[in-house]
Amino acid sequence: MTEQRARGRAWLRSAPWIFILAAIGTVQVIRAQPFDAAVFGVAAVALALDAAGAVPAGARRPSVPISAAIAVAGVVAVTLALAPRHGLLAGLAVGAVGVVAVALAWLRPPPRAADDDPAARHRRVRRAAIGWGGVALVLCLVELWSFLLGRFTAEAKELHPAISELLDPALGDPFGRAVFAVAWLALGVLLLTRGRSARDA
Amino acid sequence: MRDVTIGIYLLCLVAAVLLAIGARVPRWGIGTVTELLDGILAERAPRVTLVLFWWWLGWHFLVGQTVDAPLAG
C-alpha cells in the first residue's frame, strides 16, 4: 500500500471522531462555554493533524499497575466528594486527572496476546458495537433534543430535561458526589486500561 | 413530555444493563464491554475522543457550569 493510500485510510478512520469532537465543541459554543468549546476544538485540530501525518507516531504507553491506578482514583474520589462543588480544589483535581488521562490516551496501549478465534471475536464485538452504538446514539439524540427545546423558557426546560438537570440535585450533597466520582473514575480506569490490540502484539 | 423524556433515558439504562448481562450469556454471542473497548480504543482518534469526553463529564458535573439558565424567563 502506498503511503498516500495509507494516509487516506487513516483520515477515513479518524474523520468520524474528529466530527464528534467538533459537534460537541459546537454545542459548547451554543452553551456559551468558551473553555469547554476550546478543549474540544483543540482536540479536534490535534487529531486532524495526527491523521494528516503532521504529528510523530506516539510511543508505547508505560505500564501502570491497576492497583496503583485504583489507589490514585480512590484519593481523587474522596477529594471530589469532600471538596465544594465548582470550587478551586475540585477544579484542580479534575484538571490534573484530565491532563494525565489525555496524555496517556495519546500514547499507544500495551499489546495483548493474539486471539484463539479472531473471527468469532470479531462477530461478538460487531454485535456489541451495534448494541452499544444504538444506545449511545439514542441517548445523544434525546439529550440534544432536550437541550435545544429546553433552552428558551423555564417551562420548556421543565418539559424537556437534559441529563444534567436530572443529576444536578443529587450532586449537591457529598454522598451524591461520592457515588458520581467513583462511577466516573471507574469508567476512566476502564478506558485507560483497554485498547490493547492483538495486531501489534 | 417530561415523563417521556425521562422514560427514554431509563430505557437506555435498561438496554445498557441488558447488553452487559447478555455478554455473559455465551449463546447470545454478544461481546463484552472490554472486548468492544479493546477493538475501538486500539486507534488514537477514538481513544482520545472517548477519554476526553469522559473527562469532560467529570468537569461538567463537578467543576464547570452544569445547568444552563433558560434564555428567556
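Each value in this text was obtained by applying a stated rule to the coordinates, not by laboratory testing. Given the structure is predicted, the values throughout are model-derived calculations rather than measurements. In this analysis, Cβ positions are derived from the backbone assuming ideal geometry, glycine residues included, and neighbour counts consider all displayed protein chains.
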*Could you please let me know if A:GLY8 is farther than 24 Å from A:ARG177 by Cα and in a loop (DSSP other than H, G, I, E, B)?*
no
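Per-residue answers, yes or no, for (1) of a type in the set (Val, Ile, Thr); (2) without any contact (Cβ under 8 Å) to a residue 60 or more places away in the chain; (3) over 26 Å from B:ILE21 (Cα atoms); (4) more than 7 Å from chain B (Cβ to nearest Cβ):
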| site | (1), (2), (3), (4) |
| --- | --- |
| A:LEU141 | no, yes, no, yes |
| A:TRP145 | no, yes, yes, yes |
| A:ALA154 | no, yes, yes, no |
| A:SER164 | no, yes, yes, no |
| A:GLY188 | no, no, no, no |
*Select from the stretch A:89-120 the residues that are closer than 28 Å to A:ALA69 by Cα and among the charged types (D, E, K, R) and write down the one among them that is surrounded by the fewest Cβ atoms within 10 Å (Cβ to Cβ).*
A:ASP115
*Given (1) facing chain B (nearest Cβ under 8 Å); (2) in a helix (DSSP H, G or I), number of the condition A:HIS86 does not satisfy*: (2)
*Would you say A:VAL179 is part of a helix (DSSP H, G or I), within 7 Å of chain B (Cβ to nearest Cβ) and not acidic (Asp, Glu)?*
no
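In the list A:GLU155, A:GLU143, which residue meets the criterion of being part of a helix (DSSP H, G or I), of a type in the set (Asp, Glu), at negative phi and in contact with a Pro (Cβ under 9 Å, 6 or more places away or on another chain)?
A:GLU155
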*Selection from the stretch A:10-50 of residues that are surrounded by fewer than 20 Cβ atoms within 10 Å (Cβ to Cβ), farther than 16 Å from B:ARG47 by Cβ and of a type in the set (D, E, K, R)*: A:ARG31
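Conditions tested, residue by residue: (1) over 14 Å from the mean Cα position of the chain (by Cα); (2) facing chain A (nearest Cβ under 7 Å).
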{"residue": "B:VAL4", "(1), (2)": "yes, no"}
{"residue": "B:CYS12", "(1), (2)": "no, yes"}
{"residue": "B:ILE21", "(1), (2)": "yes, no"}
{"residue": "B:PRO26", "(1), (2)": "yes, no"}
{"residue": "B:ILE30", "(1), (2)": "yes, yes"}
{"residue": "B:LEU36", "(1), (2)": "no, yes"}
{"residue": "B:THR49", "(1), (2)": "no, yes"}
_Name the single residue that is farthest from B:ILE6 (Cα to Cα) among those in the stretch A:167-176 being more than 7 Å from chain B (Cβ to nearest Cβ) and in a helix (DSSP H, G or I)._
A:PRO174
